[in-house]
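Peer 1: Mind having a look at this structure? Questions to follow.
No value in this document is a laboratory result; all are computed from the given coordinates. Here the structure is a predicted model, which means the values were calculated and not measured. Heads up, the Cβs are rebuilt from the backbone with ideal geometry, glycines too, and the neighbour counts pull from every protein chain shown.
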Amino acid sequence: MAGEENNANNANNANNAGDEINLKTGRFVGGGKRIPGWRLYYKMVNSPEWILVRKDFDGNFFTFAFPLTLFPVKFSRFQLILLSLLSGVILSLAWPHRGFPLLLFFGLVPLLVVEDHISHHRHKFAGFSVFLYTYPGFFLWNLLTTWWIVNSTLVGAILAIVLNALFMSVIFQLFHWSKQYLRFRFASFVALCCYWIAFEYLHLNWDLNWPWLNLGNGFAAYYKWVQWYEYTGALGGTLWVLAGNIMAFMAIDNLFLRKARLKRKNVNVVASVAAISPLRHSVILVSLLLWIVLPVTFSYYLYAGYREQQDPVNFVVVQPNIDPYSEQYTLPPPVVIGKIMELAKTKLDSNTNFLVAPESAIQEDMWENHLSGFPSILLLKQAVAPWPKLNMLVGASTHYQLMPGDNRERWSRKFTDTDGYYNAYNAAIMINNRDSLQLYHKSKLTPGVEILPSFKGFRWLEKFAIDLGGTVGSLGMDSVRKVYTTVTTVKAGPAICYESIFGEFFAGFVRNGARVMIIITNDGWWGNTAGHRQHYDFAHLRAIETRRSIARSANTGISAFIDQRGDAYQETAYWAPAVIKGTLNANDRITFYVEHGDYIARILTYLGGLLLITALVVFVQKRYRRIKF
């Protein structure tokens, strides 16, 4: 009864004094405009109840009280850390190989709640608090999804997890800072999308490249959801995820957070209703649902309607299963070649176009200056001689001695006993019954393993690089994506290991004429962990982006054939010798993504730069006015 009397008093005060509400006292004060028919929810300071206020067309107020605790008015610092860690858990549960990617659309929401809380209580937090409170979540996500790097290099794993989480937190801190100086809230959310995608684009193109956790890769195991990557690439998926998280946050903010904040300030009825209108909330929820469902529906439409043109190419793929730690650099090359051919001969026939062996299979000290004379090459030529149509692709470690007049690159090494220089390469060699050999050098190198940062201050990392059989430090690279010409069949593009994660880079082979793609890799370094399965899953995305069939040879697995829709066939078991034989269709159609590459990243990077400059200008103007007055 006491609550009803208070409500009645509030209603009488409101009816007599106007429409504006002092939510600190729970009383109505004058000064507002008459807006008949609107509803308003708010929480009384002196009551554990939410109040529904209704004003009819005659200006009379009616109030209804009901108990409801939906969201805390404010968070403690410990709760903010828990929210951050919740994001890390959600993102990890969404990640391939066994994750469910729908969770990606909600994984960043707790971090957005953290940032929003700090934004509304800046006087209680230091300037870099957003970085400090988001870092635990990003660190946990990196740790739970990429811990397996430790199987190859402890220091590399620590640096990858710590630094990648740091970069992600810096993006959120930059978003928080820009939000203070961009006039419209929508602009700040656009800035977040731009900054994040610019970060992912940077991760695809600099020496410390590590795009493994780019958000668009999260759909690799559910590739049927993202058949439209042939138009956008994986960065289109990143934009999809970011916008979905923003919509989900807006729904929570509209339903819970704003209500909790309203009681702290005097709010006009018009603004209050606009902020927490049920209609507005419904629109946000429906928009979020459509934002998720429509692209998936369109993707299944593309998947069901896609038909490959018949242009068969016959492959035999070998998985020799040579232990990279105990055998790869100690077994004599003739033994390795013998093992490869022993497996292959059970499947080879006169119609086989390609025989594919994995990355770094041949570990002879071969020099490209006179490559055709080395014993391993002679053995391989003898092996393919009985098969006139056969083209053999095999991975090898090679060197090239720089001749007078050759340019010395930053990865060139000096001989220890002479004044000469040489380059070391992770190479793919094409061998057939023609006289010449065709070589491609891996050009997206694994940081800390095959490449070290070129900028000053990071050369000390070389001492921690993993020893690849005596080749330690930065390897050489090719400046173009080379495509192999073949005997009696189509041109093929070779991607070596880590290169299959880079969409625009991978598409470069197709732009240069590749009609089928071959991936050779050695995933044995990580053991039987999520690492090799994630790497395999990413190949499905490359097939969709380019609409090219892929033959994948992995030293210890998983080897498989992947068609132009991303469907895989004849997947091999991990850590077991295997050989598979199959037919893939070649394709000469150029997708929109192959033609235009990561255009989404380039557009949003420029837009993000403009928003950052705008925020900087407003910041300088405010500082100038503060100094002047």
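Peer 1: In sequence order, what are the phi-derived ³J(HN,Hα) couplings for the range 596-602 according to the Karplus relation 6.51 cos²θ - 1.76 cosθ + 1.60 with θ = phi - 60°, rounded to whole Hz, with x for glycine and proline?
Peer 2: Per-residue couplings from phi come out as 10, x, 7, 5, 4, 5, 5 Hz.
Peer 1: Same structure, new question: Near the amide H of GLU364, under 5 Å away, which other amide H atoms are found, from residues 5 or more places off or on another chain, if H is placed in the peptide plane?
Peer 2: SER397
Peer 1: Would you mind checking the pairs LYS339/LYS442; LYS179/LYS444; LYS345/LYS444; LYS491/LYS581 and listing those with alpha carbons more than 26 angstrom apart?
Peer 2: Flagged as over cut-off: LYS179/LYS444; LYS345/LYS444.
Peer 1: Let me ask something else about it. Rounded, prolate or oblate: which fits the range 203-245 when a ≥ b ≥ c are the square roots of the eigenvalues of the alpha-carbon gyration tensor, with rounded for a/c under 1.5 and prolate only if a/b beats b/c?
Peer 2: It is prolate, given that a/c is not under 1.5 and a/b is the larger ratio.
Peer 1: Next question, about the same structure. Give the distance, in whole Å, between the Cα centre of the range 587-608 and the Cα centre of the range 184-231.
Peer 2: 13 Å
Peer 1: Pop out the Kirkwood hydrodynamic radius of the range 90-168 from its pairwise C-alpha distances, inverse of mean 1/r, in Å to one decimal.
Peer 2: Details: mean 1/r = 0.0726 Å⁻¹.
One over the average 1/r among Cα pairs gives 13.8 Å for the range 90-168.
Peer 1: So how compact is the range 270-368: Cα radius of gyration and Dmax in angstrom?
Peer 2: Rg, Dmax (Cα atoms, Å): 28.1, 82.
Peer 1: Moving on to the next point. Using label points projected 7 Å from each Cα along Cα→Cβ, tell me how many nm separate ASP588 and ALA385, to one decimal.
Peer 2: 3.5 nm
Peer 1: Quick one: which residues, 5 or more positions from ALA492 or on another chain, have an amide H under 5 Å from its amide H? H modelled 1.01 Å from N in the peptide plane, none for Pro or chain starts.
Peer 2: Those lying under 5 Å, H to H, from ALA492 are TYR484, ARG515.
Peer 1: Is the range 484-610 best put as rounded, prolate or oblate by its Cα gyration tensor, with a ≥ b ≥ c the root eigenvalues, rounded for a/c under 1.5, and otherwise prolate when a/b is larger than b/c, oblate when not?
Peer 2: Numbers: a/c = 2.36, a/b = 1.33, b/c = 1.77.
Oblate, because a/c is 1.5 or more while a/b does not exceed b/c.
Peer 1: Can you figure out the FRET efficiency of ASP567 with GLN401, using R₀ = 60 Å and their beta-carbon distance, to the nearest 0.05? It would help to have the intermediate numbers written out before the result.
Peer 2: Values: r = 45 Å, r/R0 = 0.75.
The formula returns an efficiency of 0.85 here.
Peer 1: Residues with amide H under 5 Å of ASP323's amide H, sequence separation 5 or more or different chain, H placed in the peptide plane at 1.01 Å from N; which?
Peer 2: Residues meeting the criterion, in which the H sits 1.01 Å from N, are GLN328.
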